[in-house]
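Chemist: Here's a structure for you.
The values are calculated or read from the model by the stated rules, or taken from the named source; none is laboratory data. Only a predicted model underlies this, so the values are computations on that prediction, with no experimental measurement involved. Using ideal geometry, Cβ is built from the backbone for each residue, glycine included, and neighbour counts are taken over all protein chains shown. Accessible surface is based on the protein model in full, side chains and every heavy atom, while ligands, DNA and RNA are left aside. Shrake-Rupley method; radii C 1.70, N 1.55, O 1.52, S 1.80 Å.
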Amino acid sequence: MAVQDDGGGCSGGEPPSGGALGAESLPIPLGPTEKQPRRTREEEATGENAGLMELPTEIISNILSRLPVKTLLRIRSVSKGWRSIIDHRSFADLVLAQSLRCSDVTSLIAIVGNIEPTHFGCRFFSLDHQTGFAVPLGQLDQTIISTGQDWQSVNGLICYDIGDLTYLCNISTREVRALPPAGPDFPVHLHRGMHSFSALGFDPVTRRYKVMKTWVSNNLNHAGEVITANKILTLGTDSWRKIGSGPIDFPCGGSVCINGSIHFLTLDLMSNNIIVAFDVETEKFRTLALPDGAPNQVHKMKLIAFGGCLTVLDYEHLEDENTMAMYVLEDYKNRVWMERPIVLPRSWKENPSRSERFLVGSVRAGEILLAPKVTAGELYFLSYDVEKGTLKKVQVHGLPPSLLRSPVIIACAPIGYVHSILALSEV
């Protein structure tokens, strides 16, 4: 029996007909005076799927890895054998590899509006770009101060700050875990006006995840320099460690983890735009010069991953000239940038005569996402395919009616992510 794809992943086909998943089997009649014994749920599932369980584990894992994460979470209870397969780190890696090969596009969106008639706040949804259907992510809903503007997705995981705490979340499984608390070790009088941000990184060599956290004080030291502190947490451990000096200003436009380093746009001591890279393995900071031709306004740029390459997306002239520019770092080692201009059709705006602010994001499939900052009555995104040069409108469905009764504010640009079943306890 084919397992219905109910969202949360891409289905790569049905299991072989010789081993149905959860198929109903007819009971063997007992004698006229015999009473059929009741079997536990696990005994029934094990007996009905005995043929499948006799297959090599590699084949079973390959079959299961093609199912949506939501389905995998349900069938974990079928048997101890399936549970041990699904909970193993190697299976999570297989599901991630399938998701990376999948052409389906999913993004995380944050909407500020009337959550309930008397409560104004921020709601989070997972958006399927093919259907336009939005699934609420209640586990992420927080107060209006948590807008997700500096979030990133790394292999389907995100980290974010709420107050003094940093949280880790698997978007597909909806699992959320608070990380051990950490502080900057500043003297108390420097805490006033202090801000912090966190970024998640992944080292492909050691396959370890780490969270980097930076605190910036509004106070200056005796040399007139901004006071900062940086710490690192290797996930799976319980203690934060101090690391060397890093950026002196907050990142603009979030961060991107690629080639084993976390990258973000910021300003140096002379207020020049720079890219700061943090090597997840060596835990060292370094700087990258922006490409020639990049704009001077760092708030009109965004770092994205395009075709596996670090890319600067310049949208300074998006709203007045309908143009953008991509600067793709095609040769990371030698710092070789390639410029790719983008010209949108004049009709890309719903109302060309009205001045609108659009948020800019991207997804893994090579599409640029444009989201109106404020909208009323409906919610939509525009998706521009860079390779094909085509633009399509993605109408969002499934939102609570209370959200659409008043103007809706898009809290942050859509965040593309891949599906993962990795348990946070295994990270």
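Chemist: Name the one entry in LEU359, LEU370 that is surrounded by 18 or more Cβ atoms within 10 Å (Cβ to Cβ), on the phi < 0 side of the Ramachandran plot and modelled with pLDDT of 85 or more.
Modeler: LEU370
Chemist: Take the residues in segment 177-212 that are among the polar types (S, T, N, Q) and within 30 Å of LEU96 (Cα to Cα); name whichever of them is most open to solvent (accessible area, probe 1.4 Å).
Modeler: Step by step, filter segment 177-212, then rank; the result is THR206.
Chemist: Is there any pair linking a residue in segment 85-97 that is modelled with pLDDT under 90 and β-branched (Val, Ile, Thr) to one that is surrounded by fewer than 19 Cβ atoms within 10 Å (Cβ to Cβ) and assigned to a helix (DSSP H, G or I), with Cβ under 9 Å and at least six apart or on different chains, and which?
Modeler: Going by the 9 Å Cβ cut-off, there are no qualifying pairs.
Chemist: Being of a type outside the set (D, E, K, R) and at pLDDT 85 or above is the filter here, so list the residues in segment 66-81 that pass it.
Modeler: Answer for segment 66-81, where residues must be of a type outside the set (D, E, K, R) and at pLDDT 85 or above: LEU67, PRO68, VAL69, THR71, LEU72, LEU73, ILE75.
Chemist: Can you name the residue in segment 387-426 that is closer than 30 Å to HIS88 by Cα and among the small types (Gly, Ala, Ser) and is also most open to solvent (accessible area, probe 1.4 Å) among such residues?
Modeler: SER425
Chemist: Filter segment 384-403 for residues that are in a strand (DSSP E or B) and free of Cβ contacts under 8 Å to residues at least 60 places away in the same chain; which is farthest from GLY138 (Cα to Cα)?
Modeler: Selected residue: THR390.
Chemist: Return the pairs, sorted by first residue and then second, in which the second residue is polar (S, T, N, Q) and assigned to a strand (DSSP E or B), the first residue lies in segment 155-178 and is closer than 11 Å to ILE421 by Cβ, the beta carbons are less than 8 Å apart, and the residues are 6+ apart or on different chains.
Modeler: GLY156/ASN170
Chemist: Let me ask something else. Just to be sure, is TYR384 more than 30 Å from LEU290 (Cα to Cα) and surrounded by 13 or more Cβ atoms within 10 Å (Cβ to Cβ)?
Modeler: no
Chemist: Next up: Do we have LEU94 as part of a helix (DSSP H, G or I) and either in contact with an Asp or Glu (Cβ under 9 Å, 6 or more places away or on another chain) or within 18 Å of ILE171 (Cβ to Cβ) (or both) here?
Modeler: no
Chemist: Is segment 237-249 home to any residue that is within 27 Å of GLU387 (Cβ to Cβ), free of Cβ contacts under 8 Å to residues at least 60 places away in the same chain and open to solvent by less than 40 Å² (accessible area, probe 1.4 Å)?
Modeler: No - not one qualifying residue is present in segment 237-249.
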